[in-house]
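Peer 1: Below is a structure I'd like to ask you about.
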Amino acid sequence: MNTLKALDQNFEFSSHSPSCKALYSFLLEKGGVRPRVTSTFPFIDFKSVFINVHDSVIDPVALNIGFKLAHDVVPVAYTLYLRNITGNKYCSLCKVECETVEHLFYYCPFILPARKLLSKWFNDIANLQLSLECIRFSVLPRTDSAKLFRKFLLFLLSEFRYVVWNMRNKARFDNKNIIANHILASFITRVKIRLYLDYI
């Protein structure tokens, strides 16, 4: 109730409402509200995670999945199954394992070629090892190379996550027959297009 009073005092809901980002920032900074994910993953530095998730280098269409991953609210099949929303808990791509966030974005054999390429780029660009936490939360180690190439690494991460989620949805909802090479080719294409459009 105190949060609602504080919201009422800080924002005038007149002809134009505050932006979603303004409300979210207020809730985090002054409203005393903490995202649930911070207690679920106590060893993650969420201050840098939330900064990285909203970085300007991230394509707006890719921002949504990064935001959901950072807040641990991605509607993967296993989560929906546990809530009795769907009867199918299996991965939309490999159709063998339970579709958890960890499986879909890191362990699934169908995303393995794209993840290996992303891992190679991380190693070549900044001498960094790609981890599940890095993919899931945009956690970059505090090294000089990570600082130097931070925006480029965030760009690669966001494109990878977007492609995996997009291909998963095509397989699940459009009944597309997705194979590992489709995911890899889509990832490479998105990176090339973004590089061409943003950095020509």
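The values are calculated or read from the model by the stated rules, or taken from the named source; none is laboratory data. These figures come from a predicted structure and were not determined experimentally. Ideal geometry is used to build each Cβ from the backbone, glycine not excepted, and the neighbour counts take in all protein chains shown. With ligands, DNA and RNA removed, areas are computed over all heavy atoms of the protein, side chains included. Shrake-Rupley method; radii C 1.70, N 1.55, O 1.52, S 1.80 Å.
Peer 1: Output the pairs from 47/89; 89/192; 89/116; 68/176; 95/151 with a Cα-Cα distance over 30 Å in this structure; if there are none, say none.
Peer 2: Pairs exceeding 30 Å: 47/89; 89/192; 95/151.
Peer 1: State whether segment 15-162 is rounded, prolate or oblate according to the following rule on the C-alpha gyration tensor (a ≥ b ≥ c being the square roots of its eigenvalues): a/c under 1.5 gives rounded; otherwise a/b larger than b/c gives prolate, and the remaining case gives oblate.
Peer 2: oblate
Peer 1: Within 10 Å of each candidate Cβ there may be at most 14 other Cβ atoms; applying that plus a DSSP loop requirement, which trypsin sites (Lys or Arg not before Pro) in segment 149-186 survive?
Peer 2: 176
Peer 1: Please build a GNM for the chain, connecting alpha carbons under 10 Å apart, and tell me which residue among 179, 111, 58 fluctuates the most.
Peer 2: In this elastic network of the chain, the residue with the biggest mean-square fluctuation among 179, 111, 58 is 179.
Peer 1: Here's another thing I want to ask about it. May I ask for the Kirkwood hydrodynamic radius of segment 102-200, worked out over all distinct Cα pairs and given in angstroms to one decimal?
Peer 2: Roughly 13.9 Å, rounded to one decimal.
Peer 1: Just to confirm a number: summing +1 for Lys and Arg and -1 for Asp and Glu over residues other than residue 47 whose beta-carbon lies under 14 angstrom from that of residue 47, what do you get?
Peer 2: -1
Peer 1: Towards the positive end of the charge dipole of segment 65-200, with charges on Cβ (+1 Lys, Arg; -1 Asp, Glu), say which of 199, 127, 157 has the farthest Cα.
Peer 2: Toward the positive end, the furthest listed residue is 199.
Peer 1: Further, regarding this structure: For segment 57-139, what is the charge dipole size about the Cα centre, in debye to the nearest 20, if Lys and Arg each add +1 at the Cβ and Asp and Glu each add -1 at the Cβ?
Peer 2: Using Cβ point charges on Lys, Arg, Asp and Glu, segment 57-139 gives about 160 debye.
Peer 1: Same structure, new question: Note down the magnitude of the dipole of the chain about its Cα centre, charges +1 on Lys and Arg C-beta and -1 on Asp and Glu C-beta and zero elsewhere, to the nearest 20 debye.
Peer 2: The dipole magnitude comes to about 300 debye.
Peer 1: Which listed residue (93, 117, 103) has the Cα farthest towards the positive end of the charge dipole for segment 78-122, taking +1 on Lys and Arg C-beta and -1 on Asp and Glu C-beta about the Cα centre?
Peer 2: About the Cα centre, the residue reaching furthest to the positive side is 117.
Peer 1: Where does each of 189, 86 land when they are ordered by accessible area, with a 1.4 Å probe and the largest first?
Peer 2: Largest to smallest exposure gives the sequence 189, 86.
Peer 1: Further question: How many nm separate the modelled label positions at residue 86 and residue 179, each set 7 Å beyond the Cα in the direction of the Cβ?
Peer 2: 2.4
Peer 1: Which trypsin sites (Lys or Arg not before Pro) from segment 66-99 combine a DSSP loop assignment with at most 13 other Cβ atoms within 10 Å?
Peer 2: Sparse-neighbourhood loop trypsin sites (Lys or Arg not before Pro): 83, 95.
Peer 1: Subtract the Cα-Cα distance of residue 23 and residue 193 from 0.36 nm times their separation in residues, and report this length gain in nm to one decimal.
Peer 2: 57.9 nm is the gain from fully extending residue 23 to residue 193.
Peer 1: Same structure, new question: Can you work out ³J(HN,Hα) from phi for every residue in segment 85-92, in order, using Karplus 6.51 cos²θ - 1.76 cosθ + 1.60 and θ = phi - 60°, giving whole Hz and x for Gly and Pro?
Peer 2: Running phi through 6.51 cos²θ - 1.76 cosθ + 1.60 with θ = phi - 60° gives 8, 9, x, 10, 9, 8, 4, 5 Hz.
Peer 1: Give the longest segment of the chain that steers clear of chymotrypsin sites (Phe, Trp or Tyr not before Pro) in DSSP loops with at most 10 neighbouring Cβ atoms within 10 Å, not counting the sites themselves.
Peer 2: Answer - 44-200.
Peer 1: Next up: Accessible area per residue for the chain in Å², computed with a 1.4 Å probe and the full protein assembly in place, what is it?
Peer 2: Accessible area per residue, the chain: 58 Å².
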